[in-house]
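Trainee: Pasting a structure below so you can have a look.
The values are calculated or read from the model by the stated rules, or taken from the named source; none is laboratory data. Treat the numbers as computed from the prediction; the structure is a model and nothing was measured. Note: ideal-geometry Cβ built from the backbone for every residue, glycine included; neighbour counts use all protein chains shown.
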Amino acid sequence: MKDRLKVALLAGGNSSEREIALNSAAQIAQALDASKYDVKLIDLHYRNMTYTAADGSKWEVDKNDFSLTVAGERTEFEYALIIIHGTPGEDGKLQGYLDMMGIPYSSCSQTSSTITFDKISTKRAVAGRGINLAREILLGRADVVDPQTIVAELGLPLFVKPNASGSSFGVTKVTSAEQIAAAVEAAFAESDQVLIEECIVGREMGCGVVVTQDREILLPITEIVSKRDFFDYEAKYIAGLSDEITPAPISEQIKEKLNRMTLEAYRACRCSGIVRIDFIVTEQGEPYMIEINSIPGMSSGSIVPKQVREAGMTLGELYDIVIEDSLSRFGKK
């Protein structure tokens with residue numbers, strides 16, 4: 001019998017979405033085929049990588065060789081399944097460490113993660129590829145904020161958001177020039193740069209996608225109907241504050257546009273693994289890309305698992321595809 005692949009399921013992280021990531025990881029651990037994978041859930045929190053055994057005892061991963069010794073029994077991990085929102089999972093830092101250790105992993109590469117985590121870099125990467133984008137102003141900490149100039153250029157309402165952040169914290173929808181200064185301050189609390197974008201009015205769509213070396217998997221599209229002013233952190237994670245309709249009730253023409261732009265953005269940013277790309281579709285049927293989520297939520301209430309079920313697959317089956325493809329890409333298969 002073939003030995004099971006020794007998998008470190010890396011969860012937690014340092015961002016505001018730490019608990020969401022841990023919930024996602026628990027869901028994935030249950031979904032993975034125990035006959036194929038020997039999975040250990042590792043909580044990464046700043047410098048610590050901690051495994052909690054069934055008896056509650058805690059053991060640290062040896063970062064020198066990415067191994068774990070529990071009560072004298074040593075495991076050399078052969079694969080990392082990353083489910084960390086924000087730093088260090090979505091910004092490429094963890095991928096850089098794993099690259100140095102020669103460990104294949106499930107997510108985008110270090111380069112791709114760095115690009116997709118940084119909103120302005122993402123927009124620059126996909127520009128000129130037939131993907132509609134909101135107009136924006138990028139601010140650094142030393143820049144002077146002139147609300148009147150911003151409104152004159154982009155109009156109202158506006159979205160003020162951290163340029164590099166793995167969550168919805170620090171995102172504000174402003175409806176007057178007087179609100180801009182406070183919104184910018186809130187965004188700077190999460191990132192060293194702030195992105196101010198025109199508000200594209202329309203219906204929000206989430207598009208799950210996986211592209212392997214030999215296939216494209218476009219998951220059923222989800223329409224996200226927030227009961228708040230926009231799809232903020234509370235709407236994402238508090239039950240009852242948003243409706244997520246899968247498949248989205250859209251025309252075949254809009255579906256084709258979304259699928260085309262999803263694949264184009266995925267390839268432009270050199271993504272790999274399971275990614276969710278969000279769009280706003282205007283009343284005229286034109287999608288505008290909002291952002292790329294390189295490590296989307298995988299808890300029971302998250303969008304991608306719902307899309308996977310609608311596609312007639314299990315989460316375990318989808319991760320089988322991702323793991324096999326990434327092992328092949330890393331030359332481990």
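Trainee: Quick check on my filter: what residues within region 94-140 are in contact (Cβ under 8 Å) with a residue 12 or more places away in the chain and charged (D, E, K, R)?
Mentor: 118, 119, 123, 129, 135, 136
Trainee: Kindly list, by first and then second residue, each pair from a residue in region 169-198 that is assigned to a loop (DSSP other than H, G, I, E, B) to a residue that is buried (at least 20 other Cβ atoms within 10 Å of the Cβ) and basic (Lys, Arg), limited to pairs with Cβ atoms under 8 Å and residues at least 6 apart or on different chains.
Mentor: Note: pairs meeting the criteria are 170/161; 171/161.
Trainee: Filter region 308-333 down to residues that are farther than 17 Å from residue 98 by Cβ, free of Cβ contacts under 8 Å to residues at least 40 places away in the same chain and part of a loop (DSSP other than H, G, I, E, B) and give me whichever is nearest to the chain's Cα centre (by Cα).
Mentor: Filtering first and then ranking leaves 313.
Trainee: Given the conditions (1) closer than 22 Å to residue 37 by Cα; (2) under 18 Å from the mean Cα position of the chain (by Cα), which single one is not true for residue 263?
Mentor: Against the list (1) closer than 22 Å to residue 37 by Cα; (2) under 18 Å from the mean Cα position of the chain (by Cα), residue 263 comes up short only on (1).
Trainee: So, in region 103-122, how many residues would count as being over 15 Å from residue 87 (Cβ atoms), of a type in the set (Ser, Thr, Tyr) and part of a helix (DSSP H, G or I)?
Mentor: Total satisfying the criteria: 4.
Trainee: Of the residues that make up region 148-165, is at least one buried (at least 20 other Cβ atoms within 10 Å of the Cβ), hydroxyl-bearing (Ser, Thr, Tyr) and farther than 20 Å from residue 133 by Cβ?
Mentor: Checking region 148-165: not a single residue is buried (at least 20 other Cβ atoms within 10 Å of the Cβ), hydroxyl-bearing (Ser, Thr, Tyr) and farther than 20 Å from residue 133 by Cβ.
Trainee: Which one is farthest from residue 295 (Cα to Cα), of the residues in region 175-232 that are among the acidic types (Asp, Glu) and under 21 Å from the mean Cα position of the chain (by Cα)?
Mentor: Residue satisfying both the conditions and the ranking: 197.
Trainee: Here's a follow-up. Is it the case that some residue within region 39-60 is in a loop (DSSP other than H, G, I, E, B) and closer than 27 Å to residue 269 by Cβ? First the steps, then the outcome.
Mentor: Initially, region 39-60 is screened for residues in a loop (DSSP other than H, G, I, E, B), giving 46-47, 53-57.
Add one more test, that the residue is closer than 27 Å to residue 269 by Cβ, and what stays is none.
So far as region 39-60 goes, no, none of its residues is in a loop (DSSP other than H, G, I, E, B) and closer than 27 Å to residue 269 by Cβ.
Trainee: Restrict the check to region 309-325 and report whether at least one residue is at pLDDT 95 or above, polar (S, T, N, Q) and surrounded by 18 or more Cβ atoms within 10 Å (Cβ to Cβ).
Mentor: Our first condition is that a residue be at pLDDT 95 or above; within region 309-325, this holds for 309-325.
Those left that are additionally polar (S, T, N, Q): 314.
Add one more test, that the residue is surrounded by 18 or more Cβ atoms within 10 Å (Cβ to Cβ), and what stays is none.
No: region 309-325 contains no residue that is at pLDDT 95 or above, polar (S, T, N, Q) and surrounded by 18 or more Cβ atoms within 10 Å (Cβ to Cβ).
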